[in-house]
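**Q** I'd like to ask some things about the structure below.
The values are calculated or read from the model by the stated rules, or taken from the named source; none is laboratory data. Predicted model only: the values in this text are computed from it and were never measured. FYI the Cβ positions are ideal-geometry reconstructions off the backbone, even for glycines, and counts take in every protein chain you see. Side chains included, ligands, DNA and RNA excluded: accessible areas come from the protein's heavy atoms. Shrake-Rupley method; radii C 1.70, N 1.55, O 1.52, S 1.80 Å.
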Amino acid sequence: MNQSLHPNHHSPEPGFALRQTLYKGWAALAKPVYRVLPIASPEVISGNQALAEGIAELAKQGIRRPVVITDTAFVGLPVFQRLLDTMNEARLDYSVFSDIVPDPDFSIIERGIEHCRNHDFDGVIAIGGGSSIDATKVINPCARHNIDPRRVPGMLKLRKRGHYFMAIPTTAGTGSEATAAAVITDELTHQKKVVISLTVVPELAVLDPSLMMGLPPGITAATGMDALTHAMESYLSRYATPKTDALNLESMARIFDHLPRAFHDGANDEEARRQMAIASHNAGVAFTRTSVGWVHAIAHQLGAFYGVPHGLANAMVLPHVLAFYLPFAQPRMAQMARHIGLKGSTDADLALALVDAVHNLCAQLQIQPLLTMVKEEDISQITRNVINEAYRSPYPVPGYFRSYGELEAFIRGMMVAR
């Protein structure tokens, strides 16, 4: 039987219980602060002409020497040439930094900072997936203000704003163009470091579904499940508000309706791409206010230890964590189920139906939510890293593990068939 469905069979550890009590106190103190933080949302331009409109807005803002920040693969795609052609027409004196790789580390960030300084830049354009946008969030202010990027991970340590920042996501998943967070890998420890700052949110987000039409099905699936994870963890957060609830419920409905379409016929279904871009963006706006939870904490370790791409890691972990939440968040999970059109006579039935729906969505997207890559000898360290991340962030989750042993058993439960 899957141990992830039974959260209470390990007795508490005294030191662990004390730490959890202290964390809950800190999370409670942080709740009213999160609700009033002046987190800006970017201006949004959307539609299949959004790219040209975004460059026009950039020129209108007086930007003349932007640096385009993107990944090593994206520069070879036709859609990237579209961006360059549009900037040439606007007579922008741009430069391209294309060294970003998945899960970029600080050495790449440092090269990007040097590139921006050498170009005497006055703005940045991030185009690509979440890694490109996250990297730009750190490169931009650090280059403008001569800040060491290795000193900015943590809560509100980066307080200075960079130059004008336009983000153009080419996947519908991370929502990075709307968030106040960036994830950078420390190449020395191989751990992911989170930068949370009110100053890194882009001024402009360009949501152009035509840029996403060529996205392969596997990446479409993983990034789409990333967006669903954001919406679901945000909705189940103890920091949720009526505004974030509305954004998250609509994002969930859009994803269940349109992600299978984008996966199966994404090269032709522009409406599915557009709806997924909106869902991803709105979930990003929401979880910036509410934070996330256990899914992200565990998924980050799958990336750090085994190189599992973040969206895929979230997809693999999400149904198991939802099952863990059944004793803690049944009414909220039932409301999520109702909004995506599931049926059930009780909250308990609906909550179970939600878990099944996520499993079924994974099956439609050819994602197997089994953590077969996890090695037994790594579980103890993974468990401690998960707790460290969740308790420092804070992650205001609806339910808690009572011991390290319980979380270890939960991880083992994700390694076997449902």
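**Q** When the scattering of region 151-214 is computed by the Debye formula from its Cα atoms alone, each counted once and equally, what is log10 I(q)/I(0) at q = 0.25, 0.29 Å⁻¹?
**A** So the normalised log intensities work out to -1.06, -1.19.
**Q** Distance from a point 7 Å along Cα→Cβ of F328 to each backbone N in region 282-302: keep the residues under 20 Å and list them by number.
**A** Residues 287-302 qualify, since their backbone N sits under 20 Å from the label point.
**Q** Label region 76-230 by shape, choosing from rounded, prolate and oblate, from the square roots a ≥ b ≥ c of the eigenvalues of the Cα gyration tensor; if a/c is under 1.5 it is rounded, and otherwise prolate applies when a/b is larger than b/c, oblate when it is not.
**A** Note, shape of region 76-230 comes out oblate.
**Q** To continue, here is another question. Based only on the alpha carbon positions, what is the Kirkwood hydrodynamic radius of region 47-88, in angstrom?
**A** It works out to 11.2 Å.
**Q** OK, next. Going Cα to Cα from K343, which lysines come in below 29 Å? Please leave out same-chain ones fewer than 8 positions away.
**A** Within the straight-line limit of under 29 Å, K343 reaches these lysines: K243.
**Q** When ranked by the protection proxy of mean other Cβ atoms within 10 Å per residue, highest first, what sequence do the peptides 80-87, 298-305 form?
**A** Going from most to least packed, we get 298-305, 80-87.
**Q** Compute the orientation-averaged projected area for region 297-399 from the convex hull of its Cα atoms and round it to one decimal in nm².
**A** Averaged projected area of region 297-399's Cα convex hull equals 7.0 nm².
**Q** Here is a further query. Rg and Dmax of region 236-323, Cα atoms, in Å?
**A** 14.1, 39
**Q** Given the peptides 179-190, 317-328, arrange them by the average over their residues of other C-beta atoms within 10 Å, most packed first.
**A** Top to bottom by mean Cβ count within 10 Å: 317-328, 179-190.
**Q** A follow-up question, please. Among the lysines, which fall within straight-line cross-link reach of K192, defined as a Cα-Cα distance under 29 Å, with same-chain neighbours fewer than 8 residues apart omitted?
**A** K24, K31, K137, K157, K160, K375
**Q** For the chain, what does -39500 (n - 2.57) per DSSP helix run (n ≥ 4), summed and divided by total residues, give at 222 nm, in deg cm²/dmol to the nearest 500?
**A** Helix contribution divided over all residues of the chain: -17500 deg cm²/dmol.
**Q** If every alpha-carbon in region 209-257 counts as one equal scatterer, what log10 I(q)/I(0) does Debye give at q = 0.18, 0.25 1/Å?
**A** -0.61, -0.89
**Q** Excluding ligands, DNA and RNA, what is the solvent-accessible area per residue of region 45-203 at a probe of 1.4 Å, expressed in Å²?
**A** It amounts to 40 Å² per residue over region 45-203.
**Q** Once Rh for region 33-143 is found with the Kirkwood sum over Cα pairs, what is the Stokes-Einstein diffusion coefficient at 37 °C and 0.692 mPa s, in µm²/s?
**A** For the chosen part, D equals 222 µm²/s.
**Q** How big is the shadow of the Cα convex hull of the chain, averaged over all directions, in nm²?
**A** 18.8 nm²
**Q** Also: By per-residue mean of other Cβ atoms within 10 Å, what is the highest-first order of 108-119, 245-256?
**A** Listed from highest to lowest mean packing, they are 245-256, 108-119.
**Q** With a ≥ b ≥ c the root eigenvalues of the C-alpha gyration tensor of region 184-342, is it rounded (a/c under 1.5), prolate (a/b larger than b/c) or oblate?
**A** Rounded, because the longest to shortest axis ratio a/c is under 1.5.
**Q** For the chain, what % of the accessible area comes from carbon and sulfur atoms, probe 1.4 Å?
**A** For the chain, the apolar C and S fraction of the accessible surface comes to 53 percent.
**Q** Related question: In nm, to one decimal, how far is the L29 label point from the A348 one, both placed 7 Å along Cα→Cβ?
**A** About 4.0 nm, to one decimal.
**Q** Counting Lys and Arg as +1 and Asp and Glu as -1, each charge on the Cβ, what is the dipole of region 237-299 about the Cα centre in debye, to the nearest 20?
**A** 320 debye
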